[in-house]
Amino acid sequence: MAQRVRQVVVIGGGSTYDSYEAYLKNLKRVKLDFGRLMKRGWKDSFAQRLGPKFQVVQPKMPTPDNAKYTEWAIWFRKIIPFLKDGVVLVGHSLGGLFLAKYLSMHRFPKRIKATILIATPFTAEGLHESLGDFTLPSSLKRFKRQGGRIIIYHSPDDPVVPLWHAGEYWGALHPVVFRVCSGLGHFNQPTFPELVREIRAL
């Protein structure tokens, strides 16, 4: 009998702005760190580290540097028909917020094994940038009902999304699994062995 391969969908982060003018202003203002252009994060080797029992899907979402929820939702809906029951959804930063909003507003036609939110903002409060149209709806009940096992990763030293945002998700979605990983900042490290072990154990 052929061994079943579990699918893992990873939605990466991005940036949002209240206007196109604000986006252009930031492009002009930001200082380019050439070293970061060559830096590799955990998503680059994630499929290899999970191994052959997993099929990792990492869609490139539309215009991630000036992200729009509506555009991401259109693209995500094109991916769903290729997914199977038991899929694991992973969202990092804005990608986690996208999953939380999408699963709160739409019926997902496949059974979700787990949804993992990593360094995910809950509101725009305490952030250095806008969330644009990624703002969450007033209720996350649908997400809680269909998101499978909900697991939240956050680091107390995250310079982008304060730890209390994870607490807001805990309050809205309880019971959830809450993983506090000290010293990992905004989770841009080269490897993420804790997440590999988490998904393998599901």
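All told, Arg179 meets the bar of being surrounded by 14 or more Cβ atoms within 10 Å (Cβ to Cβ) and at negative phi.
Return a yes/no flag: does segment 70-92 have any residue that is within 12 Å of the chain's Cα centre (by Cα), under 19 Å from Val161 (Cα atoms) and not hydrophobic (A, V, I, L, M, F, W, C). Yes: segment 70-92 contains one or more residues that are within 12 Å of the chain's Cα centre (by Cα), under 19 Å from Val161 (Cα atoms) and not hydrophobic (A, V, I, L, M, F, W, C). Can you work out which of the residues in segment 100-123 that are within 18 Å of Ser138 (Cβ to Cβ) and buried (at least 24 other Cβ atoms within 10 Å of the Cβ) is nearest to the chain's Cα centre (by Cα)? Within segment 100-123, the match that is nearest to the chain's Cα centre (by Cα) is Thr120. If you filter segment 129-167 down to residues that are without any contact (Cβ under 8 Å) to a residue 60 or more places away in the chain, under 13 Å from Leu94 (Cβ atoms) and not β-branched (Val, Ile, Thr), you find that the one that is surrounded by the most Cβ atoms within 10 Å (Cβ to Cβ) is His165.
Scan segment 177-197 and tell me whether some residue there is farther than 23 Å from Gly41 by Cα, in a helix (DSSP H, G or I) and in contact with a helix residue (DSSP H, G or I) (Cβ under 8 Å, 6 or more places away or on another chain). No, segment 177-197 has no match at all.
When you check Glu21 against the structure, is it without any contact (Cβ under 8 Å) to a residue 12 or more places away in the chain, surrounded by 14 or more Cβ atoms within 10 Å (Cβ to Cβ) and of a type in the set (D, E, K, R), yes or no? No: the conditions fail for Glu21.
Taken over segment 63-88, residues that are closer than 24 Å to Ser130 by Cα and either touching a helix residue (DSSP H, G or I) at 6+ places or on another chain (Cβ under 9 Å) or assigned to a strand (DSSP E or B) (or both) amount to 11. Within segment 27-62, the only residue that satisfies the criterion of being without any contact (Cβ under 8 Å) to a residue 40 or more places away in the chain, touching a helix residue (DSSP H, G or I) at 6+ places or on another chain (Cβ under 9 Å) and surrounded by 12 or more Cβ atoms within 10 Å (Cβ to Cβ) is Pro62.
Here Gly91 passes the criteria (1) touching a strand residue (DSSP E or B) at 6+ places or on another chain (Cβ under 6 Å); (2) in a helix (DSSP H, G or I) except the one numbered (2).
Determine whether segment 132-151 contains at least one residue that is in contact with a strand residue (DSSP E or B) (Cβ under 7 Å, 6 or more places away or on another chain), farther than 25 Å from Thr191 by Cα, at pLDDT 95 or above and of a type in the set (S, T, N, Q). Yes, some residue in segment 132-151 is in contact with a strand residue (DSSP E or B) (Cβ under 7 Å, 6 or more places away or on another chain), farther than 25 Å from Thr191 by Cα, at pLDDT 95 or above and of a type in the set (S, T, N, Q). Once segment 102-145 is narrowed to residues that are touching an Asp or Glu at 6+ places or on another chain (Cβ under 9 Å) and of a type in the set (Ser, Thr, Tyr), the residue that is farthest from Asp65 (Cα to Cα) is Thr123. Just one of the listed residues (Phe143, Phe187, Phe108, Phe178) is within 17 Å of Gly12 (Cα to Cα) and either among the aromatic types (Phe, Trp, Tyr) or touching a Lys or Arg at 6+ places or on another chain (Cβ under 6 Å) (or both), and it is Phe187.
Look through Leu24, Leu32 and report the one residue that is in a loop (DSSP other than H, G, I, E, B) and over 18 Å from the mean Cα position of the chain (by Cα). Only one candidate qualifies: Leu32.
The values are calculated or read from the model by the stated rules, or taken from the named source; none is laboratory data. None of these values were measured; they are calculated from a predicted model. Reconstructed Cβ throughout: ideal geometry from the backbone, glycine too, with neighbour counts over all protein chains shown.
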